[in-house]
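Notes follow once the structure below has been shown.
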Amino acid sequence: MGAICTQAGVSPVKSLPERVKIVEVGPRDGLQNEKTIVPAEVKIRLIDMLSDAGLPVIEATSFVSPKWVPQMADQMEVMQGIHRRPGVSYPVLTPNLKGFQAAVKAGAGEVAIFGAASELFSKKNINCSIEESLQRFEEVTRAAQATGVPVRGYVSCVLGCPYEGKVSPEKVAQVAKRLYSMGCYEISLGDTIGVGTPGSMREMLGAVTKEVPVDALAVHCHDTYGQALANILIALQMGVSVVDSSVSGLGGCPYAQGASGNVATEDVVYMLQGLGIHTGVDLQKLMDAGAFICRSLNRRTNSKVAQASCKL
């Protein structure tokens, strides 16, 4: 007999989305942690290859102080050097009003702000409390609204913190609600250290979707514990249709030890294709972009799909 899960306490599984928007974070989140400075021309070529692969959103760079993130000191050169494809967004990270103004001057058409659901992580990552960070972001969102620039919001440590351990789903929901209320059109929920499981992902999304519409949410999973694809699948079943990922699984967070490995875009696209979900991404061209950046960094890809295809 066909099984429909009606057990007490178990959320009903929604039908999967027909289409998923992939937000490629490799050029920014993937490279910010690299010890050796990656030349601007390599970043530009990577972004152009990702555009050519059909990715609809490619996070290009970060307008933070080079003192804090030296890898992003070439942000103006990168923004001016990329070939912008019609219909593709190239958002940049802006931690404060100064960063926002510099980004707009460089031609950024969309920006992102990044907060955290953990006090200690907020202090170590952006050197202020959660409340102080939200006040800073309000300056950015006001300036963005005045100039018609869309703002995306990130919440870090939604499923655990390297300093505080477990983070309550209610705290995540509270920060996400504040970002949404101040005008962020989309909130990306980041499992910064990859400790989340399908169970904790379901619990956290259950709390957040009470405060923020599910169509304004994205998930940003790290594969540190090998849980990223399972967590993404749960998010899709709960109605999320935007997924952040990084080509070749590049990246981590400089302020979260052990947070290696964003989920690889190649692996996400392969899974979505297998589910019959449309992404608009050409997997072969995506793997070519992954092979290019891995050769440039002289390292092996973290994508299981690329490894299985013997690209590297």
Query raised in the report: Which residue pairs have Cβ atoms closer than 6 Å, lie 6 or more positions apart in sequence or on different chains, and pair a first residue in region 38-57 that is buried (at least 19 other Cβ atoms within 10 Å of the Cβ) with a second residue that is assigned to a helix (DSSP H, G or I) and among the basic types (K, R)?
Result: A53/K285
Query - Count - residues of region 229-253 that are within 22 Å of V212 (Cβ to Cβ), among the small types (G, A, S) and assigned to a helix (DSSP H, G or I) - result: 1
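Quick check on my filter: what residues within region 139-167 are part of a strand (DSSP E or B) and among the hydrophobic types (A, V, I, L, M, F, W, C)?
Our first condition is that a residue be part of a strand (DSSP E or B); within region 139-167, this holds for 151-156, 161, 165.
Across region 139-167, the qualifying residues are V151, V155, C161.
With respect to N231, is the statement that it is of a type outside the set (A, V, I, L, M, F, W, C) and farther than 22 Å from S15 by Cα true?
Details: of a type outside the set (A, V, I, L, M, F, W, C): yes; farther than 22 Å from S15 by Cα: no.
Spelling it out, it is not the case that N231 is of a type outside the set (A, V, I, L, M, F, W, C) and farther than 22 Å from S15 by Cα.
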Report task. Scan region 87-95 and give yes if some residue there is over 21 Å from K21 (Cα atoms), modelled with pLDDT of 95 or more and out of contact with any Cys (no Cβ under 6 Å at 6 or more places or on another chain), otherwise no. Result -> yes
Query - Residue selected from region 100-139 under the condition open to solvent by less than 50 Å² (accessible area, probe 1.4 Å) and among the β-branched types (V, I, T), by the criterion farthest from Q75 (Cα to Cα) - result: I130
Requested in this report: Identify, from the list D215, D191, the residue that is open to solvent by 50 Å² or more (accessible area, probe 1.4 Å) and within 24 Å of S246 (Cα to Cα).
Outcome: D215
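The rows are residues; the columns are (1) more than 26 Å from V140 (Cβ to Cβ); (2) at pLDDT below 95; (3) open to solvent by less than 50 Å² (accessible area, probe 1.4 Å); (4) not in a strand (DSSP E or B).
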residue: Y180; (1), (2), (3), (4): no, no, no, yes
residue: C184; (1), (2), (3), (4): no, no, yes, yes
residue: I187; (1), (2), (3), (4): no, no, yes, no
residue: G196; (1), (2), (3), (4): yes, no, yes, yes
Report summary line: Over region 104-114, the set of residues in contact (Cβ under 8 Å) with a residue 24 or more places away in the chain and farther than 16 Å from V25 by Cβ is V104, A106, G107, G109
**Report entry** Members of region 72-99 found to be open to solvent by 10 Å² or more (accessible area, probe 1.4 Å) and in a helix (DSSP H, G or I), listed by number
**Finding:** Q75, M76, E77, Q80, G81, L97, K98
Report summary line: Checked region 10-37 for anything open to solvent by 90 Å² or more (accessible area, probe 1.4 Å) and at pLDDT below 90; matches are P12, V13, K14, S15, K35
**Report entry** Subset of region 273-312 (residues that are in contact (Cβ under 8 Å) with a residue 24 or more places away in the chain, basic (K, R) and not in a loop (DSSP other than H, G, I, E, B))
**Finding:** K285, K304
Requested in this report: Among what's in region 254-267 and is buried (at least 24 other Cβ atoms within 10 Å of the Cβ) and not in a loop (DSSP other than H, G, I, E, B), pick the residue that is modelled with the lowest pLDDT.
Outcome: N262
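Residues are listed down the side, and each one gets a yes or a no for (1) under 23 Å from P39 (Cα atoms); (2) of a type outside the set (V, I, T); (3) modelled with pLDDT of 95 or more:
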position: P56; (1), (2), (3): no, yes, yes
position: M76; (1), (2), (3): yes, yes, yes
position: A106; (1), (2), (3): yes, yes, yes
position: A117; (1), (2), (3): no, yes, no
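The values are calculated or read from the model by the stated rules, or taken from the named source; none is laboratory data. It should be emphasised that the depicted structure is a prediction, and the values quoted were computed from it without experimental measurement. Glycine gets a Cβ as well: all are built from the backbone with ideal geometry, and neighbour counts include every protein chain shown. Side chains are part of the model used for accessible areas, which takes the heavy atoms of the whole protein and leaves out ligands, DNA and RNA. Shrake-Rupley method; radii C 1.70, N 1.55, O 1.52, S 1.80 Å.
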